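Engineer: I'd like to ask some things about the structure below.
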Amino acid sequence: MSETISFTFEGREIVGRRGESVAAALIAAGVRSFRATRTGAERSLFCGMGVCQDCLVEIDGQSNRRACMVKLDQGITVRREGFARDLPTPAHGAPPRTADDVPEETPDILVVGAGPGGLSAAIAARRAGATVIVLDERPLPGGQYFKQIAVDAGTAPADSQHEEGRRLIEAARAAGVAVRNGVEIWGAFAPATLAATQSGSVRTFAPKRLIVAGGAYERGVPFPGWTLPGVMTTGAAQTLWRSYRRLAGRRILIAGNGPLNFQVATELAAGGAEIVAVVELAEMRPIPSLLALAAMAAASPRLVREGLRYRRQLQAAGIPVLYGSTVTGVDSAETGLTARVAPLGALSAARSFSVDTVCLGYGFQPSNEILRALGCAHDYDAARDQLVTRLIPDGTGKTTLPTVFALGDCTGLGGARMALAQGTLAGLAAAAELGHSIAGDLAAERDRARRALARHRRFQAALWQLYAAPRLGLDLATPETVVCRCEEISAGQIETALDEGCPSIGELKRATRAGMGACQGRYCGPLISKLMAERLGAEPDEALRFAPRVPLKPVAVAEIAKSSP
């Protein structure tokens, strides 16, 4: 069993487990609200991966700490973050620093992201002879798909997905890859220099080749009540369980689009949660579904077997699946939350579910802010409603910048299996450009990766035929619904600003403050871009996106000014 650690939240003593996140310990203790916004609205865990900034708390006097990213390793004092609190008096100023004072590292290859794609790229490049550093902001490697168990809870041992990730992490370390976790990248400067905070101090990285495997985050679908405590992404609930063996709630509704929701429903039910329903946006279409399943089985029988197993387990547990439906709103209730669910074509015919947690998983948006800041070209993918990194069509992940490669979900969604194959190809290609030989076993590995990539591309194409559904934007929002979670800007305020004349997304940002918050428009940006494009009769391409800006992630000025060890 994991060692227990006592800490306080607003004066209340709470017992957590060493290695789990502060957010996981708070939710397990029944804490539903972590902070208050400037309008007094309550907020809690939402994304669970450090993107949304909704779970900010004060820890040992330090404000704006993300509860989902801070791990328990000692007793701490946690307080609710709020705008009414007096700011601490700053310490006496330090002497000025220049860029020359910041340590710089120049590895052969720098990989951003320790998920499936990043680790496979690092392993391939290192086996070819290159020196490789992998940076990741999370405390443990593995990414979202291969997230590892961070505690020994004494129940629910590691499954095959955990074990596959563990083997990949061990292979990277055995190959001599330097994997650094807890590194926050907040600056990206052409041609390929990154600024990051590591152990509380700043350093820069100027590799000969850069491979970005930044993954993705769940797309926002605003509806009345989507900012309430207890409403979170499916990925957040999965992280709570798979990494920390904590349930997001006891009575849970899971809604959205895609296979991840079925997997999470199965896992949480096995962990003891009552799943009241899985709400799937795609309609059940027997003949097209059979055709898609046949194509998927031809490409990857194992993945089809896994998917069918999840469906059988849900059926055995008596968990209803509501196809062609969506959550239309969530209200606070005396016992928790009341979620309204309706068929997509009859939103007024809603039925209510009494729950304490609503999990939302409507697909993903690529985390491409580093690539955009560097100047890599991007294109709009209308089929998936995403801005994706333009890659040279040779399968190596080469971007439009000569020293930058990109792969995995940050370049357009394809899942972990595609990312593994793309990583091998990108790692070998980057090493080859630095003069390392790709022959013998490495050449055979490259050929296997090419075949695997083609196979999993076929699988993904069939998968999204099976889960074909409308891409919801502001379809469920009322004029009062918050769209920009950080600045609390409503759909009505955005519509009014457009009516009054905001011809560019930059002018809309200045007029409303939408996109100016800590998440830098990651949730509201794609929604606003799509709305503007519809009004202009254009594509929501890069010209209609918020420009990436430094810092890419919030960073304390004190950390920038701090002398490096």
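Engineer: Suppose we keep only residues that are modelled with pLDDT under 95 and of a type in the set (Gly, Ala, Ser) within region 42-74. Which one would you say is surrounded by the fewest Cβ atoms within 10 Å (Cβ to Cβ)?
Structural biologist: My answer is GLY61.
Engineer: Please state which one of ILE254, ILE211 is surrounded by 24 or more Cβ atoms within 10 Å (Cβ to Cβ) and within 24 Å of ARG471 (Cβ to Cβ).
Structural biologist: Details: ILE211 fails: within 24 Å of ARG471 (Cβ to Cβ).
Unique residue meeting the criteria: ILE254.
Engineer: For residues that are part of a loop (DSSP other than H, G, I, E, B) and touching a residue at least 24 places away in the same chain (Cβ under 8 Å), scanning just region 482-501, find the one that is nearest to THR326 (Cα to Cα). Write out each step before concluding.
Structural biologist: Initial filter on region 482-501 (part of a loop (DSSP other than H, G, I, E, B)): 485-488, 500-501.
Restricting the remaining residues to those that are touching a residue at least 24 places away in the same chain (Cβ under 8 Å) gives 485-488.
Details: ARG485: 21, CYS486: 24, GLU487: 26, GLU488: 23 Å.
Among those that are part of a loop (DSSP other than H, G, I, E, B) and touching a residue at least 24 places away in the same chain (Cβ under 8 Å), it is ARG485.
Engineer: Just to check your reading of the model, which residue among ARG384, ARG312 is under 19 Å from the mean Cα position of the chain (by Cα), surrounded by fewer than 20 Cβ atoms within 10 Å (Cβ to Cβ) and not in a strand (DSSP E or B)?
Structural biologist: Working: ARG312 fails: under 19 Å from the mean Cα position of the chain (by Cα).
Within the list ARG384, ARG312, the selection yields ARG384.
Engineer: Does ALA114 satisfy the condition of being part of a loop (DSSP other than H, G, I, E, B), in contact with a Phe, Trp or Tyr (Cβ under 7 Å, 6 or more places away or on another chain), at pLDDT 90 or above and among the hydrophobic types (A, V, I, L, M, F, W, C)? Before the answer, list the steps.
Structural biologist: Values: part of a loop (DSSP other than H, G, I, E, B): yes; in contact with a Phe, Trp or Tyr (Cβ under 7 Å, 6 or more places away or on another chain): no; at pLDDT 90 or above: yes; among the hydrophobic types (A, V, I, L, M, F, W, C): yes.
No: the conditions fail for ALA114.
Engineer: Still on this model: In the list GLY187, GLY165, which residue meets the criterion of being assigned to a helix (DSSP H, G or I) and either β-branched (Val, Ile, Thr) or in the same structural domain as GLY427 (by TED's automatic domain parsing) (or both)?
Structural biologist: Working: GLY187 fails: assigned to a helix (DSSP H, G or I).
Just a single option satisfies the conditions, and that option is GLY165.
Engineer: Can you find a residue that is assigned by TED's automatic domain parsing to the domain that holds GLY492, in a loop (DSSP other than H, G, I, E, B), out of contact with any His (no Cβ under 8 Å at 6 or more places or on another chain) and modelled with pLDDT of 95 or more anywhere in region 524-546?
Structural biologist: No: region 524-546 contains no residue that is assigned by TED's automatic domain parsing to the domain that holds GLY492, in a loop (DSSP other than H, G, I, E, B), out of contact with any His (no Cβ under 8 Å at 6 or more places or on another chain) and modelled with pLDDT of 95 or more.
Engineer: Same structure, new question: Take the conditions modelled with pLDDT of 95 or more and either touching a strand residue (DSSP E or B) at 6+ places or on another chain (Cβ under 8 Å) or in the same structural domain as ALA294 (by TED's automatic domain parsing) (or both) and apply them to THR512. Does it pass?
Structural biologist: Values: modelled with pLDDT of 95 or more: yes; either touching a strand residue (DSSP E or B) at 6+ places or on another chain (Cβ under 8 Å) or in the same structural domain as ALA294 (by TED's automatic domain parsing) (or both): yes.
The answer is yes for THR512.
Engineer: Right, something else. Can you name the residue in region 257-294 that is among the β-branched types (Val, Ile, Thr) and closer than 28 Å to ALA24 by Cβ and is also surrounded by the most Cβ atoms within 10 Å (Cβ to Cβ) among such residues? Outline the logic, then answer.
Structural biologist: Filtering region 257-294 for residues among the β-branched types (Val, Ile, Thr) gives 264, 266, 275-276, 278-279, 287.
Subset that is closer than 28 Å to ALA24 by Cβ: 264, 266, 275-276, 278-279.
Working: VAL264: 28, THR266: 21, ILE275: 21, VAL276: 18, VAL278: 26, VAL279: 26.
Filtering first and then ranking leaves VAL264.
Engineer: Okay, next question. Is it true that some residue in region 506-516 is surrounded by fewer than 18 Cβ atoms within 10 Å (Cβ to Cβ), small (Gly, Ala, Ser) and touching a residue at least 24 places away in the same chain (Cβ under 8 Å)?
Structural biologist: Scanning region 506-516 turns up at least one residue that is surrounded by fewer than 18 Cβ atoms within 10 Å (Cβ to Cβ), small (Gly, Ala, Ser) and touching a residue at least 24 places away in the same chain (Cβ under 8 Å).
Engineer: Continuing with the same structure: So for region 346-367 (the condition being farther than 30 Å from MET284 by Cβ and modelled with pLDDT of 95 or more), does at least one residue qualify?
Structural biologist: Initially, region 346-367 is screened for residues farther than 30 Å from MET284 by Cβ, giving 367.
Checking which are modelled with pLDDT of 95 or more leaves us with 367.
Yes: region 346-367 contains one or more residues that are farther than 30 Å from MET284 by Cβ and modelled with pLDDT of 95 or more.
Engineer: Return the only residue of THR357, THR389 being of a type outside the set (Asp, Glu), crowded, with 20+ Cβ neighbours inside 10 Å and out of contact with any Cys (no Cβ under 8 Å at 6 or more places or on another chain). So that I can check it myself, show each step before the final result.
Structural biologist: On the way: THR389 fails: out of contact with any Cys (no Cβ under 8 Å at 6 or more places or on another chain).
Among THR357, THR389, only THR357 is of a type outside the set (Asp, Glu), crowded, with 20+ Cβ neighbours inside 10 Å and out of contact with any Cys (no Cβ under 8 Å at 6 or more places or on another chain).
Engineer: Given PRO554, PRO479, which one is modelled with pLDDT of 95 or more, in a loop (DSSP other than H, G, I, E, B), surrounded by fewer than 20 Cβ atoms within 10 Å (Cβ to Cβ) and at negative phi? Step through it out loud before you land on a result.
Structural biologist: Numbers: PRO554 fails: modelled with pLDDT of 95 or more.
Of the residues listed, the single one that is modelled with pLDDT of 95 or more, in a loop (DSSP other than H, G, I, E, B), surrounded by fewer than 20 Cβ atoms within 10 Å (Cβ to Cβ) and at negative phi is PRO479.
Engineer: Can I ask one more? THR204: under 25 Å from GLY423 (Cβ atoms), under 18 Å from the mean Cα position of the chain (by Cα) and in contact (Cβ under 8 Å) with a residue 40 or more places away in the chain, yes or no?
Structural biologist: Against the criterion (under 25 Å from GLY423 (Cβ atoms), under 18 Å from the mean Cα position of the chain (by Cα) and in contact (Cβ under 8 Å) with a residue 40 or more places away in the chain), THR204 does not qualify.
Engineer: Against the condition modelled with pLDDT under 95 and out of contact with any helix residue (DSSP H, G or I) (no Cβ under 7 Å at 6 or more places or on another chain), how does PRO191 come out, does it pass? Don't jump to the end; show me each part of the working.
Structural biologist: Values: modelled with pLDDT under 95: yes; out of contact with any helix residue (DSSP H, G or I) (no Cβ under 7 Å at 6 or more places or on another chain): yes.
Yes, satisfied.
Engineer: Going through region 1-19 one residue at a time, which ones are surrounded by fewer than 16 Cβ atoms within 10 Å (Cβ to Cβ) and over 27 Å from the mean Cα position of the chain (by Cα)?
Structural biologist: Kept after step one, since they are surrounded by fewer than 16 Cβ atoms within 10 Å (Cβ to Cβ), are these residues of region 1-19: 1, 3-4, 6, 8, 10-13, 15, 18.
If the condition is that a residue be surrounded by fewer than 16 Cβ atoms within 10 Å (Cβ to Cβ) and over 27 Å from the mean Cα position of the chain (by Cα), then MET1, GLU3, THR4, SER6, THR8, GLU10, GLY11, ARG12, GLU13, VAL15 are the ones that fit.
Engineer: Could you list, in sequence order, all residues of region 20-41 that are surrounded by 21 or more Cβ atoms within 10 Å (Cβ to Cβ), assigned to a loop (DSSP other than H, G, I, E, B) and small (Gly, Ala, Ser)?
Structural biologist: Correct list: empty.
Engineer: Hey, among the residues in region 424-461 that are crowded, with 20+ Cβ neighbours inside 10 Å and small (Gly, Ala, Ser), which one's nearest to ARG311 (Cα to Cα)?
Structural biologist: The residue in question is ALA449.
Engineer: Shifting gears a bit: Look through GLU164, GLU184, GLU218 and report the one residue that is within 23 Å of GLY414 (Cβ to Cβ), touching a residue at least 12 places away in the same chain (Cβ under 8 Å) and surrounded by fewer than 24 Cβ atoms within 10 Å (Cβ to Cβ).
Structural biologist: Working: GLU184 fails: within 23 Å of GLY414 (Cβ to Cβ); GLU218 fails: surrounded by fewer than 24 Cβ atoms within 10 Å (Cβ to Cβ).
Checking each option against the conditions leaves just GLU164.
Engineer: Between a residue in region 293-317 that is farther than 21 Å from VAL279 by Cα and in contact (Cβ under 8 Å) with a residue 40 or more places away in the chain and any residue that is of a type in the set (Lys, Arg) and surrounded by 13 or more Cβ atoms within 10 Å (Cβ to Cβ), which pairs come within a Cβ distance under 6 Å, given they are 6 or more apart or on different chains?
Structural biologist: ALA299/ARG455; ALA299/ARG458
Engineer: Six or more apart or on different chains, Cβ atoms under 9 Å: show the pairs whose first residue is in region 15-40 and on the phi > 0 side of the Ramachandran plot and whose second is outside any helix (DSSP H, G or I) and of a type in the set (Phe, Trp, Tyr).
Structural biologist: Listed pairs, sorted by first residue: GLY40/PHE83.
Engineer: Looking at GLY176 and the list (1) surrounded by 22 or more Cβ atoms within 10 Å (Cβ to Cβ); (2) modelled with pLDDT of 95 or more, which single condition is not satisfied?
Structural biologist: Of the numbered conditions (1) surrounded by 22 or more Cβ atoms within 10 Å (Cβ to Cβ); (2) modelled with pLDDT of 95 or more, the odd one out for GLY176 is (1).
Engineer: Here's another thing I want to ask about it. Give THR357, THR328 a once-over and let me know the one that is in contact with a helix residue (DSSP H, G or I) (Cβ under 9 Å, 6 or more places away or on another chain) and either closer than 30 Å to THR389 by Cα or touching a residue at least 40 places away in the same chain (Cβ under 8 Å) (or both).
Structural biologist: On the way: THR328 fails: in contact with a helix residue (DSSP H, G or I) (Cβ under 9 Å, 6 or more places away or on another chain).
The conditions single out THR357.
Engineer: Let me ask something else. Return a yes/no flag: does region 110-130 have any residue that is of a type in the set (Ser, Thr, Tyr), outside the structural domain of SER21 (by TED's automatic domain parsing) and more than 23 Å from LEU434 (Cβ to Cβ).
Structural biologist: no
Engineer: It is to be established whether one or more residues within region 407-429 are part of a loop (DSSP other than H, G, I, E, B), touching a strand residue (DSSP E or B) at 6+ places or on another chain (Cβ under 8 Å) and among the polar types (S, T, N, Q). Let's see the steps before the verdict.
Structural biologist: Quick first cut of region 407-429, residues part of a loop (DSSP other than H, G, I, E, B) only: 407, 412-414.
Among the residues that remain, those that are also touching a strand residue (DSSP E or B) at 6+ places or on another chain (Cβ under 8 Å) are: 407, 412-413.
Narrowing further to those that are among the polar types (S, T, N, Q): none.
No, the conditions are met nowhere in region 407-429.
The values are calculated or read from the model by the stated rules, or taken from the named source; none is laboratory data. All figures in this text were calculated on a predicted structure; none of them were measured in a lab. In this analysis, Cβ positions are derived from the backbone assuming ideal geometry, glycine residues included, and neighbour counts consider all displayed protein chains.
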